[in-house]
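Peer 1: Encoded as structure tokens, here's the structure I'll be asking about.
The values are calculated or read from the model by the stated rules, or taken from the named source; none is laboratory data. For clarity, every value in this text was computed on a predicted model and none was experimentally measured. In this analysis, Cβ positions are derived from the backbone assuming ideal geometry, glycine residues included, and neighbour counts consider all displayed protein chains.
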Amino acid sequence: MTATLLATITGIALADSLNPSLFVAQFYLLTTPDPVPRIVSYIAGVLAVNLGGGLLVLAGFRTLVGRYLAAVPPAVGWGLVLAAGLALLAFGLWYRPRASSEPARTPRSLRPAHTFLLGAAVMLNELTTALPYFVAIERITAAGLGVAGNVVAMLLYNAVFALPLIAFLAALLVHRQRFTAQIARVREATVRWIPAILRWGSVVVGVALTAWGTAGLLP
């Protein structure tokens with residue numbers, strides 16, 4: 001795996017991980033009694049769908065490339081990178097968080113098996129619009145890493161993707177009393193700052209992909 005591909009995967013995964021929808025349920029679970037098993041199962045559900053869905057899409061990409069796109073010039077791949085960069089840039093520039101007056105839904109059951117399904121459901125809903133993930137998969141496919149290399153790259157992406165969720169869990173484990181006492185403030189700060197980070201993170205990654213795609217298209 002080249003340094004360029006590593007940096008691309010990491011940058012896209014960081015931007016993709018800052019999805020407010022993923023944190024809503026986690027913050028609710030943080031306020032429940034003995035939240036650690038529930039949060040662990042919730043994160044496991046998110047990763048199961050994200051990694052499993054990504055591997056299925058990657059397998060489809062490999063089949064498509066192997067059967068139909070072998071003769072397509074490299075410019076097509078660079079064009080996809082450029083298009084993805086422009087799309088992320090446009091999303092970041094036009095994105096405005098929408099305030100919702102509706103109360104957040106809470107799960108009917110807090111058993112770990114059910115919070116696993118909650119995480120899976122949240123991620124399944126987000127996977128249908130995961131443009132950054134598809135861009136990363138296309139880049140992994142274009143790199144020609146082989147089966148083992150593809151799996152390692154996907155595991156790396158998902159490890160970076162899960163970092164914010166794991167960071168909140170680690171904060172709970174290390175500073176349980178202080179973190180629990182200030183969970184409302186943490187939630188408010190996250191709701192306030194994550195949309196801004198998502199917006200400008202998309203702009204930064206979009207600019208980087210646009211520049212990369214443009215450089216690849218230049219003679």
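Peer 1: Of the residues in the range 22-57, how many are of a type in the set (Lys, Arg) and within 13 Å of the chain's Cα centre (by Cα)?
Peer 2: Taking the range 22-57 first, the residues of a type in the set (Lys, Arg) are 38.
If we keep only those that are within 13 Å of the chain's Cα centre (by Cα) too, we end up with none.
So the answer is 0.
Peer 1: Evaluate the following for Leu110: is it farther than 29 Å from Trp212 by Cα, modelled with pLDDT of 75 or more and outside any helix (DSSP H, G or I)? Steps first, answer last, please.
Peer 2: Details: farther than 29 Å from Trp212 by Cα: yes; modelled with pLDDT of 75 or more: yes; outside any helix (DSSP H, G or I): yes.
Against the criterion (farther than 29 Å from Trp212 by Cα, modelled with pLDDT of 75 or more and outside any helix (DSSP H, G or I)), Leu110 qualifies.
Peer 1: So if I check each of Leu64, Leu55, Leu82, Leu89, which one is surrounded by 10 or more Cβ atoms within 10 Å (Cβ to Cβ), at pLDDT below 70 and out of contact with any Asp or Glu (no Cβ under 9 Å at 6 or more places or on another chain)? Steps first, answer last, please.
Peer 2: Details: Leu55 fails: at pLDDT below 70; Leu82 fails: at pLDDT below 70; Leu89 fails: at pLDDT below 70.
Result: Leu64 is the single residue among Leu64, Leu55, Leu82, Leu89 that is surrounded by 10 or more Cβ atoms within 10 Å (Cβ to Cβ), at pLDDT below 70 and out of contact with any Asp or Glu (no Cβ under 9 Å at 6 or more places or on another chain).
Peer 1: Restricted to the range 29-40, and to residues that are crowded, with 21+ Cβ neighbours inside 10 Å and not basic (Lys, Arg), which residue is nearest to Ala130 (Cα to Cα)?
Peer 2: Just the residues of the range 29-40 that are crowded, with 21+ Cβ neighbours inside 10 Å, to begin with: 29-30, 35, 38-39.
From the residues that got through so far, the ones that are not basic (Lys, Arg) too are 29-30, 35, 39.
Details: Leu29: 24, Leu30: 26, Pro35: 28, Ile39: 23 Å.
Checked the range 29-40; the qualifying residue nearest to Ala130 (Cα to Cα) is Ile39.
Peer 1: Which ones in the range 2-42 are under 23 Å from Ile137 (Cβ atoms), of a type in the set (A, V, I, L, M, F, W, C) and either without any contact (Cβ under 8 Å) to a residue 24 or more places away in the chain or part of a helix (DSSP H, G or I) (or both)?
Peer 2: Correct list: Ala3, Leu5, Leu6, Ala7, Ile9, Ile12, Ala13, Leu14, Ala15, Leu22.
Peer 1: Quick one: which residue in Met123, Met154 is closer than 18 Å to Thr4 by Cα, modelled with pLDDT of 85 or more and out of contact with any strand residue (DSSP E or B) (no Cβ under 8 Å at 6 or more places or on another chain)? Write out each step before concluding.
Peer 2: On the way: Met123 fails: closer than 18 Å to Thr4 by Cα.
Only one candidate qualifies: Met154.
Peer 1: OK, next. Given the conditions (1) touching a residue at least 12 places away in the same chain (Cβ under 8 Å); (2) surrounded by fewer than 16 Cβ atoms within 10 Å (Cβ to Cβ), report the number of the one that Leu169 does not fulfil.
Peer 2: (2)
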